[in-house]
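Computed from the coordinates by the stated procedures, all read-outs in this text should not be read as laboratory data. These figures come from a predicted structure and were not determined experimentally. Quick reminder, even Gly has a Cβ in these numbers, built from the backbone with ideal geometry, and neighbours come from all protein chains shown.
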Amino acid sequence: MTPGGKSAPDFTWPAALSESVRHLPDATQVWVALSGGLDSVLLLHVVSRLCSADRTIRAIHVNHQLQTNADDVERFCRNLCESLNVPLYVERVTVGAHTGSPAGGVEEAARHARYGVFERVLQADDLLLMAHHGDDQAETVLFRLLRGSGVGGLAGMPSTRTIGHGQLHRPLLAFSRQQICDWAQQADLRWIEDPSNADQTFDRNFLRHSVMPLLKSRWPSLIKRLSHSAHACAEQQELAASLAQIHYASVAGGEGRLRVAQMLGLSHAEQKNLLHWWITRRGFPFPAVANWEQVIRDLLLAAPDREPEFRGDGYCLRRFHGWIYLVPDGGGFEVAPQPLRPGPPVVIGNWRLKLLSAATPECPPPPIRISTRQGGERIRPRVGGPSTSLKKWLQAQRVPPWERPCIPLVFEGAEGEGELVAVGDLWLSDRYCGEAPAAGWRIVVERECD
């Protein structure tokens, strides 16, 4: 533990540092991510002292249980928060190979677990403060450069972004590690050094201890230079996202899909940029693929009778009847029969179903139930017309195979004897639609789409 310990009530924090926490994004509840290290301890002291009185200040500590002193660090964080009269939330996580992304090691797994806790804890309009500083940003940019990241990765860590239901903000990015260390020592603060920070078998530590000092000795303004580069890359990424949105408006269908014919009119760079924006917007990581040109060619130029697909982390891109779909893993589901009654909607996956009265005075609702395909269902698209197999009808409507088991089916009548009156938002019997439905009730089926 670094010597010192008083919270320095008489210490005057530098104006620039004070302003960084006095003008935070709007939020009534502010969380400080507290690791027990130098940066987060200083941030908690500053926030607890200078944040406006109309904000509730809390701290959150994630115990990864990886270091031999993990319990000591947790105890230190509890004592610190008690001395500052700041409520502390602690969560212990188990970090294993399954916890992070396949591409990372223990570092990435721990980060994944930590951010998972943050996302679960934050409520709507909460603000999470993290103590990353300018040196962290420079290391991030250099690390991503060595990993072959594109413009988005080289933009570094954003100062503000959405996390879970709240917002994440990094108020210390404008300051160097040396500045923060000097201020902490002048304020006579205590903190605990993470022993793993000295282990240069971790890539980030190798950069921090062996590479960055050498670069700084050659280029003293290295941190500012890399910060400027990150800012320029962030601007380019913003422009790329704006261009992708323009292209998306011209090629997207109404059900979260991309039209192949229109995508073929874009250049390869535009196609890749659009896919990157689309995939990350849906919350998935953009895969690191050496030959994206080949992937895109396979998706867009395969023979019409082929159904190519590309697998990413947690999803796959599939082509079907002239459209590209992004299909999350594990998206299929079956629903046991359940009633649909007047009142709150029934939510099934990304579907919402409602039964509304359309008669005055209101007549008793008929027995209506919802299910998914069990096999053998038949549909009568036209009143008085012939019925046909629902399986064949869905094929004729060019519904993708992976969506067919998940479409909610609405039946009128008792189970085993009922008549199909709605198939998702694809078809609805005349008895339950229009200004004056014959049944006296209106069925509304809505689907949330990208």
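See the values below:
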| quantity | calculated |
| --- | --- |
| Directionally averaged projected area (convex hull, Cα atoms, the range 252-328), nm² | 4.7 |
| For the chain, share of DSSP beta bridges that run antiparallel, in % to the nearest 5 | 70 |
| Leading residue at positive end of dipole, the range 252-328 (Cβ point charges), from Ile279, Asn291, Leu264 | Ile279 |
| Mean Cβ neighbour count within 10 Å, used as a protection proxy, ranking 72-82, 359-369 highest first | 72-82, 359-369 |
| Relative contact order of the chain, pairs being alpha-carbon contacts under 8 Å that are 6 or more residues apart, as % | 11 |
| Assigned charges on the beta-carbon of Lys, Arg, Asp, Glu; the chain dipole about Cα centre (debye) | 780 |
| log₁₀ of I(q)/I(0) at q = 0.11 Å⁻¹ - the range 309-392, Debye sum with one point per alpha carbon | -0.54 |
| Cross-link partners of Lys216 among lysines (Cα-Cα below 23 Å; sequence separation of 8 or more within a chain) | Lys224 |
| Charge dipole (the range 295-450, unit charges on Cβ, about Cα centre) - positive-most of Ala436, Ala303, Pro367 | Ala303 |
| Per-selection Rg to Rh, the chain - Cα, Kirkwood hydrodynamic radius | 1.07 |
| Where only C-alpha atoms are counted, convex hull volume of the range 104-239 per residue in Å³ | 135 |
| Volume per residue that the Cα convex hull of the range 180-223 spans, once the total is divided by residue count, Å³ | 82 |
| Rg(Cα) / (2.2 N^0.38 Å) computed for the range 335-384, rounded to two decimals | 1.37 |
| 5 Å binning of all Cα-Cα separations within the range 338-447, expressed as whole percents from 0 upward | 2, 11, 24, 25, 21, 12, 4, 1, 0 |
| Dipole magnitude of the range 342-450, debye to nearest 20 (Cβ charges: Lys/Arg +1, Asp/Glu -1, about Cα centre) | 380 |
| Global geometry of the range 15-224, whether rounded, prolate or oblate, following the gyration tensor of its Cα atoms and the 1.5 cut on a/c | rounded |
| Student exercise, the range 125-255 dipole from Lys, Arg, Asp, Glu Cβ charges, in Debye to nearest 20 | 520 |
| Isotropically averaged projected area of the range 202-334, using the convex hull of Cα atoms (one quarter of hull area), nm² | 11.4 |
| Options Val346, Gly322, Ala27, ranked by Cα towards positive dipole end of the chain, top entry (Cβ charges) | Gly322 |
| Relative contact order of the range 349-392, defined on C-alpha pairs under 8 angstrom at six or more residues apart (%) | 23 |
| Mean separation of Cα contacts under 8 Å, 6 or more apart, over the residue count of the range 273-360: relative contact order % | 15 |
